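Take a look at the structure set out below.
The values are calculated or read from the model by the stated rules, or taken from the named source; none is laboratory data. No experiment lies behind these values; they were computed from the predicted model shown. Note that each Cβ is placed from the backbone with ideal geometry, even for glycine, and that neighbours are counted across all protein chains shown. What goes into the accessible areas is simple: the full protein's heavy atoms, side chains included, and nothing from ligands, DNA or RNA. Shrake-Rupley method; radii C 1.70, N 1.55, O 1.52, S 1.80 Å.
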Amino acid sequence: MEAVLEVKGLTKTFRVREKAEGFAASVRGLLRPTWKSVHAVDGIELTVERGEMLAFIGPNGAGKSTTIKLITGILYPDSGSIRVLGMDPHRLRRKLAYRIGTVFGQKSQLWFHLPPMDSFLLLADIYDMDPAEAKKRIGFLTEVFGIEEYLKTPVRKLSLGERVRCEVAASLLHKPEILFLDEPTIGLDVLVKQSIRDLIQRVNQEDRVTVFLTSHDAGDIEKICRRAVVINHGHVVWDDTIKAMKYSFLRRKVIDLRLEAPLNLALDGVEVLKTKNYSAKLEVDLSKIPLDDVVGRIMRDNKVQDITISNPPMEEIISQIYRQGPGNARQGAPQ
Amino acid sequence: MRKYFRILRYAARDQVAYLPAFLARNLFFVIILFIFSSLWKVIYAGQSLIAGFSVVQALWYLTFTETVELSKSRLLTRIQGEVKDGSLAVTMTRPYSYPLSHFFHAMGESMVRLLPILAVGFLFATLFVGPLPGYFKALPFGLILLLCGMALDTLWLLCIGLLAFWSEEVSPYYWIIQKLIFILGGLFIPIDMFPDWLSGIARTLPFAFSAYWPAYTMVSFSWRAFFTGLAGAACYIGALSAVAALLFGLGKRRVHAQGG
Amino acid sequence: MRRADEGMGCRRGRGSGLRLFRRQVGFNLSAGMEYRASFITQVLGMMINNSAFIFFWLILYGRLGTTIKGYAFDDVMFLWSLSAAGFGMAAVFLGNAPSLSKSIYTGELDVYLLQPKPVLPSFLASRMSISGWGDLAYGAVLFAFTQRITPGSIALFLAFSILMAAVLTALRVLYHSLTFFFGNAEDFAGTASEIVLSFMLYPGSIFEGPVNLLLHSLIPAALIAYIPAELFRAFDGGRMAVLVAADLLIVLAAWGLFTLGLRRYESGNRMGTRL
């Protein structure tokens, strides 16, 4: 299988000038500045094969944005090597640009005052596309993304959901081999999120575009990606398939109870997450005790008004991984 | 009446917050003074008087006309903003006169802007062409006329601002009035230097009382000049106040009809 | 290893750069038509403002009856028409220059870095100030009314306008590039640009000594307005060459500073880094 992205021993440290409090300290700071080192990226190893759908997850300040900027060549690293499609992204940035697409949540590729159609035509020129090819491609993307209706409306008049659709379409105009998405669904409502996710999946399946997605949204991760890389404090804390991630946490179940009296239950393998008056939330470790034992005991010792049994939410899985830290990094073979 | 002076005080305090704009305004003042001092010095090379003005008087004249101009408040943007975002409904239903409150607010703003500009003008005009003879003697009277000039400017802004009740873009009206003050009011050069057919008329127009008369009284003091400036200013202040009141009366009706 | 140009649509050569530029201009224009009302207001304001100053110079020259250190009324009008045309040209074709500071500290510059085109030209051309067309037209009309029209004079006027547009833009890039090193220089850059524009409109010969030196260097009003005015009256090929060289130097300095600043941007070490 072909590796489209290879990262080895990547580090990046920022020198940030310390801003002092108080006037005297500020003056001192002006004459003799003190610098603080921020180790944004502290040794990242990563290999991505063609056609993969990878989720790049991490809390704020973990180094996600920095890593993506290093990979796309916006920043240059302090040490380590990056190879995207065989190229050093910083030195061959413009050459690489023809083959990758980007969607950055906060920054738009579309010209604000123009209709998306005009932006597409401009981008086609920027990417040196043959005009006839470009027209065909725009037509195709318009249909797939369902943006025909507002293709001629100025971008500033579009809703966020409509704009994001156009952004993703724009990023695919020049048929990139890798698509980098940084928080693409931020601020969108559920329905729109789902449609964008479907589109990204379709693009991956039909055109074998490798997808590299950073997100906070558990739904994005769960529904689009097959592999997750969790990064915290500048290095990889977990790297395995989503299936594996869920599996190690599927051995837990969450039970929500509404009772008629305070909870009466003490079992090994059952952790009470929270209680409030007559309701309780429990987590069961299925490796320690079978589910029906737990449920039976609850029903026997309590008057239950309502009971809900569910899997732990993705958010929780992820925050647990964040908390795990470097010692527990798991590296698995991508599927 | 006390509440209006309170408004004035608060407006004055407000100004101190806008430091960058303040610095920029004063910087451009110095630059204009420098450019004109260079210009006048070249023009005056070889003559001591033009239309009765010396080179020193010519530059100091500009200092005072600019003082009134640069002390202008942001009354216009305020009223336009209130009309556009609908906060007009709030400000108009308060228990005091809408135009009066805006007037005092603007005057407060202007008076705070006045002091540093006066100081900067004094400093740099002295630096560029030397001190103005009779400056301190004329100052109390000149100040009165400067304040009148500021009041006139404020009333112009108020009237134009009230036009916002009818028309969305009132800036073009403001530009026209401002340019009339520039040209006919003798902002850059004293009206005495105008061609004869123009100078007579220009002296009597309202624009001259925003720029020419206060500045002329300062650089070439005479009781005649002072009282002419005062009388004219008073007349036009009265006239413009009446216009403002009229506009407000009509505008109020329109606002109520339209729902604000 | 796949071939570099597979899966991309047929690649055209460098020539498409010009077509891109033309297309960009066309689109920016149509976008601007949306803002017709605001355009009219701005152009109106500019014309009212300029007319007032023309009256000022008329009255002044009327009173003086002579030239001001070599500058006649027509020469001052040349300065005004050139300034309007040069300013307008910069605003129209390279109108995104004033947004440089903002794009740096918000990280918007990234979008241009990720495109397969040189960053600076791409950035500068991506916005057009519609009211700039008003300035351009005004400059042309004022020139036609106050100067002698010959193919030579028109060519010269065009050349000087282009030079001015280039240098004005270069200055903006230079001032705004300080944001790469010192944090938000937006206000400074705006003020500095305004200062240059202010000086451009007055007869340059009235300035002497250290100020004159300043006007030939840091506030290069002389290099874009005064010397062209003198050359327009009395052309001298050698002087023209020196002028073009000096202007070119400024453009190169701006490009150089921008490149250095971009390198700094790519190191991520920014004042008040946003992650």
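See the values below:
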{"read-out": "Cross-link reach list, aspartates and glutamates versus C:Lys69, counting only Cα pairs under 18 Å and skipping chain neighbours closer than eight places", "value": "C:Glu208, C:Glu230"}
{"read-out": "Sequence of B:Glu82, B:Glu168 when ordered by accessible area, the most exposed leading, probe 1.4 angstrom", "value": "B:Glu168, B:Glu82"}
{"read-out": "The stretch B:166-236 versus the stretch C:31-87: alpha-carbon centroid distance in Å", "value": "22"}
{"read-out": "Spherically averaged projected area in nm², based on the convex hull that wraps the Cα atoms of chain B", "value": "14.4"}
{"read-out": "Extended-chain gain in nm, criterion 0.36 nm per residue less alpha-carbon gap, B:Ala239 and B:Thr91", "value": "50.8 nm"}
{"read-out": "Cut-off under 5 Å, modelled amide H: who pairs with A:Leu273 long-range", "value": "A:Lys281, A:Leu282, A:Glu283"}
{"read-out": "Among C:Met164, C:Phe258, C:Ile54 the positive-end extreme of the charge dipole of the stretch C:40-274 (Cβ point charges)", "value": "C:Phe258"}
{"read-out": "Residues of type lysines that A:Lys36 reaches as a straight line, Cα spacing below 24 Å, ignoring anything fewer than 8 places off in the same chain", "value": "A:Lys12, A:Lys19, A:Lys64, A:Lys69"}
{"read-out": "Zero-based 10 Å bins, Cα pair distances in the protein assembly as shown, whole percents", "value": "2, 10, 16, 18, 17, 15, 11, 6, 3, 2, 0, 0"}
{"read-out": "Sulfur and carbon atoms: percent of accessible area, the protein assembly as shown [1.4 Å]", "value": "61"}
{"read-out": "Spatially proximal aspartates and glutamates relative to C:Lys102 (Cα-Cα < 17 Å; intrachain offsets below 8 disregarded)", "value": "C:Asp110, C:Glu186, C:Asp187, C:Glu266"}
{"read-out": "Crossing angle, helix B:55-70 versus chain B [Cα axis fit, 0-90 degrees, rounded to tens]", "value": "10"}
{"read-out": "Per DSSP, loop GluC sites (Glu not before Pro) in the stretch A:205-286 with at most 15 further Cβ within 10 Å", "value": "A:Glu260"}
{"read-out": "Among C:Val119, C:Ser38, C:Ala155 - extreme Cα towards positive end, dipole of chain C, charges at beta-carbon", "value": "C:Val119"}
{"read-out": "Cα centre as origin, Lys/Arg/Asp/Glu Cβ charges: chain A dipole, Debye", "value": "900"}
{"read-out": "Computed magnitude of the charge dipole of the protein assembly as shown (debye, nearest 20; Cβ of K, R +1, Cβ of D, E -1)", "value": "700"}
{"read-out": "In order through the stretch B:122-136: 3J(HN,Hα) via Karplus (6.51 cos²θ - 1.76 cosθ + 1.60), integer Hz, x for Gly, Pro", "value": "4, 4, 7, 5, 4, 5, 7, 10, x, x, 8, x, x, 4, 6"}
{"read-out": "A:Arg227 long-range amide H proximity, modeled H, under 5 Å", "value": "A:Met53, A:Ala55, A:Ile242"}
{"read-out": "Dipole magnitude of chain B, debye to nearest 20 (Cβ charges: Lys/Arg +1, Asp/Glu -1, about Cα centre)", "value": "740"}
{"read-out": "Interface B:C - total buried accessible surface [probe 1.4 Å, Å², rounded to 100]", "value": "2400"}
{"read-out": "In Å², nearest 10: area of C:Glu186 left accessible to a 1.4 Å probe", "value": "60"}
{"read-out": "With all protein chains modelled, accessible area of B:Cys235 [1.4 Å, Å²]", "value": "90"}
{"read-out": "Pair C:Ile162, B:Ser167: separation of 7 Å Cα→Cβ label points (nm)", "value": "4.1"}
{"read-out": "Size of the C/A contact, given as accessible area buried on both chains, probe 1.4 Å, in Å²", "value": "4400"}
{"read-out": "For the protein assembly as shown, share of DSSP beta bridges that run antiparallel, in % to the nearest 5", "value": "70"}
{"read-out": "Gap separating the Cα centres of the stretch A:131-165 and the stretch B:115-155, nearest whole Å", "value": "62"}
{"read-out": "Mean-position separation - Cα centroids, the stretch A:259-300 and the stretch A:179-233, in angstrom", "value": "35"}
